[in-house]
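Step one of this worksheet: look at the structure below.
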Amino acid sequence: MNNKKVTCAKRGMVSSLKTLSAMVMLSTAASTASADILIGEAGGTQLSMFGILDVGILYQDNVSTDGDEKLGMETSGLRQTVIGFKGLRPLDNGWNAFFNLEAHFDLDTGMFHGTGDAATDADDSSGRLLFRRQANLGVSGDWGTVIMGRQYGPALLAHLGTEPRIFKEQFSNLYAWAYSQLFTTVNDSASGAGRNANNDVGIFFKNAVQYRNTIGGLDFGVLYSFGGQEGSQKDGDVIALGAAYTTGPLTLSGSFHNMKDQQTSEDVVESWAVGVGYNLGDVTLKANFMNTENNDSSGNEVLDLDALGVGVDYKWSAKNTATVAYYINEDNAPANSAETKSLVISNEYTMGQSTTLYAALAYVDADDMGVISQYATSIVATPAPVDEKTTLINVGLNFAF
C-alpha cells in the first residue's frame with residue numbers, strides 16, 4: 001500500500017518497503033491498492049495504519065474418506081485478514097527511520113490466527129501472538145533498507161510476480177511452502193526430529209536482520225536470523241536470499257534459504273525456488289518451481305518436496321480478472337513418492353477501490369500418504385483427504401484499506 005501523502009524525501013523508503021508491506025497483502029490485477037490511512041504526525045513521526053478484511057463461504061464435497069460434505073464460513077480466502085501500524089521519521093543525511101507492526105486474525109471468529117511458532121518457546125504463546133506477521137524497526141536511505149525484528153523473509157517475497165496465484169491465502173502453493181517448513185518449527189527438540197524455532201512456516205522470521213535494495217530492475221533481500229543458542233552461533237540460525245528481476249514484460253525470480261537445527265547445527269530445512277512470469281497485455285503467463293528438503297537433527301531426510309505451479313491470468317474486462325492454475329506437488333522422500341495434483345479456476349471482480357468479490361473452484365487429487373506429505377503437498381489450509389478426489393468452492397469478499 002503506497003502512502004500517497006509522503007514527501008519526496010520519504011518516497012525512497014516507501015519504495016524500498018513496498019514489497020514487504022503491500023505486495024504480499026494485496027491482490028493484483030483485480031484489486032486497486034489504497035493508501036494507508038494517515039493517523040497523524042507527532043514529533044516529526046508520521047503514523048499510519050492499514051488493514052485487510054476477508055471473509056467468505058467455503059464448500060467442500062469430500063472432507064474425509066467417508067465422503068462427508070462441508071459448508072461453512074472461511075476467513076482469508078483471497079488474502080489474510082490483518083491490521084497494522086507504521087511509523088516514519090526523517091533522519092539526518094536523507095535517511096529515514098521506520099517501524100512496522102502487523103497482526104493477523106480471523107474475521108469469522110475475531111481470534112488471533114494460529115501461528116507456526118514453536119509452542120514451547122518462552123517468547124511466544126503459540127497461536128496468541130499479537131504481531132505475528134511484523135514487529136520490526138529499520139532505517140533506509142539511498143543505499144537501501146535494513147530491517148530488524150520479526151519480519152517477512154525475502155525468499156517468498158521474491159516469487160510474488162511468478163507464483164501462478166501470487167501465493168493467495170487459499171488454492172495456491174502458499175500452503176505447500178508453509179507446511180513444508182512447519183514441522184521443523186513445532187517439533188520437540190528432545191525427540192531428535194529436527195527443530196528451528198526462528199522460522200514461522202518459512203514466511204516470517206524472528207530475531208532477524210534483513211538488507212533490501214532495488215537496483216535497476218533487480219529487487220532483492222538478504223536475511224540472517226540469529227540462533228541465539230549457547231555454544232555455537234550456527235545452532236538455530238537462518239540464512240535467506242530472494243531476488244526478482246523485471247525487464248519489460250519479463251519477470252524472473254529466485255530464492256534460497258537454509259535453517260539449522262538449534263542443537264546439532266544440521267540443516268533441517270533447505271529450500272530453493274525459481275520462477276518466470278511474462279506479461280502479454282491482458283494475459284500474464286507464470287510458472288514457479290520449488291524444492292524443499294527437511295532433515296531430522298541427525299541429517300536424515302524426512303521430506304523432499306518438488307512443487308510446480310503453472311498458470312495464466314486473463315483480464316477479460318476492466319473489472320474482472322480470471323486465473324487458471326495447475327499444481328503438481330510431490331514428496332519424493334517416501335519409498336513410494338506421494339503426489340497431489342490440483343486444478344484451480346478463479347475470478348476476481350473489483351467492486352470499488354480495494355474491494356474485491358472473488359470466486360474460486362479447486363479440484364484436488366491426492367495420493368495415499370503420511371501426515372507430513374499430506375500437508376506439504378496441499379494447496380488448502382486443511383488438506384483434502386488422501387487417496388480421494390475433492391472439489392472445493394470458495395466465494396468471498398476482500399476489503400483493503
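The values are calculated or read from the model by the stated rules, or taken from the named source; none is laboratory data. Keep in mind that what you see is a predicted model, and the values were worked out from it rather than measured. Cβ placement follows ideal geometry from the backbone for every residue including glycine, while neighbour counts extend to all protein chains displayed. These area figures cover heavy atoms from the full protein model, side chains too; ligands, DNA and RNA do not enter into them. Shrake-Rupley method; radii C 1.70, N 1.55, O 1.52, S 1.80 Å.
What residue, among those in region 295-315 that are farther than 17 Å from residue 370 by Cβ and at pLDDT below 95, is farthest from the chain's Cα centre (by Cα)? Among those that are farther than 17 Å from residue 370 by Cβ and at pLDDT below 95, it is 298. Of the listed requirements (1) more than 21 Å from the chain's Cα centre (by Cα); (2) open to solvent by less than 10 Å² (accessible area, probe 1.4 Å); (3) closer than 30 Å to residue 189 by Cβ, residue 292 misses just one: (1).
Pairs are defined by a Cβ separation below 6 Å, a sequence spacing of at least 6 or placement on different chains, a first member in region 362-380 that is touching a residue at least 60 places away in the same chain (Cβ under 8 Å) and over 20 Å from residue 77 (Cα atoms), and a second member that is open to solvent by less than 60 Å² (accessible area, probe 1.4 Å) and not in a helix (DSSP H, G or I); the pairs so defined are 372/303; 373/331; 373/338.
What about residue 69, is it under 13 Å from residue 108 (Cβ atoms) and either out of contact with any His (no Cβ under 9 Å at 6 or more places or on another chain) or of a type outside the set (A, V, I, L, M, F, W, C) (or both)? So residue 69 fails the test. Within region 300-316, the set of residues being exposed (fewer than 15 other Cβ atoms within 10 Å of the Cβ) and under 12 Å from residue 163 (Cα atoms) is empty. Scan region 317-336 and tell me whether some residue there is at pLDDT below 95, closer than 22 Å to residue 184 by Cα and open to solvent by less than 50 Å² (accessible area, probe 1.4 Å). Within region 317-336, one or more residues are at pLDDT below 95, closer than 22 Å to residue 184 by Cα and open to solvent by less than 50 Å² (accessible area, probe 1.4 Å).
Residues checked against (1) touching a residue at least 60 places away in the same chain (Cβ under 8 Å); (2) over 29 Å from residue 334 (Cα atoms); (3) hydrophobic (A, V, I, L, M, F, W, C):
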position: 240; (1), (2), (3): yes, no, yes
position: 256; (1), (2), (3): yes, no, yes
position: 268; (1), (2), (3): yes, no, yes
position: 273; (1), (2), (3): yes, no, yes
position: 281; (1), (2), (3): no, yes, no
position: 293; (1), (2), (3): no, no, no
position: 301; (1), (2), (3): no, no, no
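When region 127-160 is filtered for residues that are part of a strand (DSSP E or B) and under 17 Å from residue 102 (Cβ atoms), the ones remaining, listed by number, are 134, 135, 136, 137, 138, 145, 147, 148, 149, 150, 151, 152. Contact map, region 64-91: residues that are free of Cβ contacts under 8 Å to residues at least 60 places away in the same chain paired with residues that are of a type in the set (Ser, Thr, Tyr) and open to solvent by 50 Å² or more (accessible area, probe 1.4 Å), Cβ distance under 7 Å, separation 6+ or inter-chain. Pairs shown: 71/59. Taking the numbered list (1) over 13 Å from residue 176 (Cα atoms); (2) at pLDDT 90 or above; (3) not small (Gly, Ala, Ser) in turn, residue 339 passes all entries but (1). Only a single criterion out of (1) out of contact with any Ser or Thr (no Cβ under 7 Å at 6 or more places or on another chain); (2) of a type in the set (Asp, Glu); (3) open to solvent by 30 Å² or more (accessible area, probe 1.4 Å) is not satisfied by residue 108, namely (1).
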